[in-house]
Amino acid sequence: MENKKYTFVLDVDGVLTDGSFLYDSNGKAYKVFGPDDADALKALSKFVNIVFTSQDKRGFLISKKRVEDMGFTLENVGSKDRVNFMEENYGLENCIYMGDSFLDVPALCASEYGISTCASDPLAQQWSDYVTEREGGHRAVSEACFWIAKNILNLSTEEFLGFNADSIFEEYRKKRWDKDEESR
């Protein structure tokens, strides 16, 4: 693993969410978040800083609640200000940025690594170092975390997750086999 301390900066809408804004008669009421992203972010946070950004003023409190439920903080930073935000707080050479919009292109280009989702705007995808196979709100962030662990931090899955799935499988398979043998 590199000694460099990276900061993973994520735009919320379209990355952590599926990009949908659900309205009722009072305005924006809900956003759709997906599974596994929180667990993968928690695993990654042992190795990198995690920072969320949003410029969604009407839906900010919805995003803030979800981000805080995951144990992180949300910064209200507009797309035009994200490059300066990253440079002043973390150094661009230490940032991994994940966004989905054409407005995210400057941050994707300026950061050390840029990541977008497969449902991102084509310009965002064009200027990304990695494009996920999954859409925002559908485990794209989890996929990005695994990609960062493997390709940037050079971590094995066991180092990243803290367990070896192959040996767990073999251990439990053997226990079941032994139990089946005893019952015969």
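The values are calculated or read from the model by the stated rules, or taken from the named source; none is laboratory data. Model, not experiment: these values are computed from the prediction. Counting neighbours? That spans all protein chains shown, and the Cβs are built from the backbone with ideal geometry, glycine included.
Among the residues of segment 94-119, what is the count of those that are out of contact with any helix residue (DSSP H, G or I) (no Cβ under 7 Å at 6 or more places or on another chain) and crowded, with 17+ Cβ neighbours inside 10 Å?
Going residue by residue through segment 94-119, those that are out of contact with any helix residue (DSSP H, G or I) (no Cβ under 7 Å at 6 or more places or on another chain) are 94, 109, 118-119.
Filter once more, keeping what is crowded, with 17+ Cβ neighbours inside 10 Å: 94, 119.
Of the residues in segment 94-119, 2 are out of contact with any helix residue (DSSP H, G or I) (no Cβ under 7 Å at 6 or more places or on another chain) and crowded, with 17+ Cβ neighbours inside 10 Å.
Among the residues examined, GLU93 qualifies as acidic (Asp, Glu), at pLDDT 95 or above and farther than 18 Å from ASP13 by Cβ. Comparison of GLY19, GLY59 shows that the only residue that is in contact (Cβ under 8 Å) with a residue 60 or more places away in the chain and surrounded by 16 or more Cβ atoms within 10 Å (Cβ to Cβ) is GLY19.
For segment 144-160, does any single residue satisfy the condition of being within 15 Å of the chain's Cα centre (by Cα) and at pLDDT below 95? So far as segment 144-160 goes, yes, one or more of its residues are within 15 Å of the chain's Cα centre (by Cα) and at pLDDT below 95.
Those residues that are outside any loop (DSSP other than H, G, I, E, B) and either in contact with a Leu (Cβ under 7 Å, 6 or more places away or on another chain) or surrounded by fewer than 17 Cβ atoms within 10 Å (Cβ to Cβ) (or both), I need them from segment 62-74; list them, please. Result: SER63, LYS64, LYS65, VAL67, GLU68, ASP69. Take the conditions (1) without any contact (Cβ under 8 Å) to a residue 40 or more places away in the chain; (2) over 25 Å from PHE60 (Cα atoms); ARG134 misses just one of them, which is (2).
Every residue, every condition in (1) assigned to a helix (DSSP H, G or I); (2) within 14 Å of GLN55 (Cβ to Cβ); (3) at pLDDT below 95; (4) of a type in the set (Phe, Trp, Tyr), yes or no:
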| residue | (1), (2), (3), (4) |
| --- | --- |
| LYS80 | yes, yes, yes, no |
| ASN84 | yes, yes, no, no |
| GLU87 | yes, no, no, no |
| VAL105 | yes, no, no, no |
| GLY114 | no, no, no, no |
| CYS118 | no, no, no, no |
| GLN125 | yes, no, no, no |
| GLY136 | no, no, yes, no |
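Taking the condition of a type in the set (Gly, Ala, Ser), in a strand (DSSP E or B) and either under 18 Å from the mean Cα position of the chain (by Cα) or more than 21 Å from SER111 (Cβ to Cβ) (or both), does ALA29 pass? Break it down into steps so the answer makes sense when it comes.
Numbers: of a type in the set (Gly, Ala, Ser): yes; in a strand (DSSP E or B): yes; either under 18 Å from the mean Cα position of the chain (by Cα) or more than 21 Å from SER111 (Cβ to Cβ) (or both): yes.
Criteria met by ALA29.
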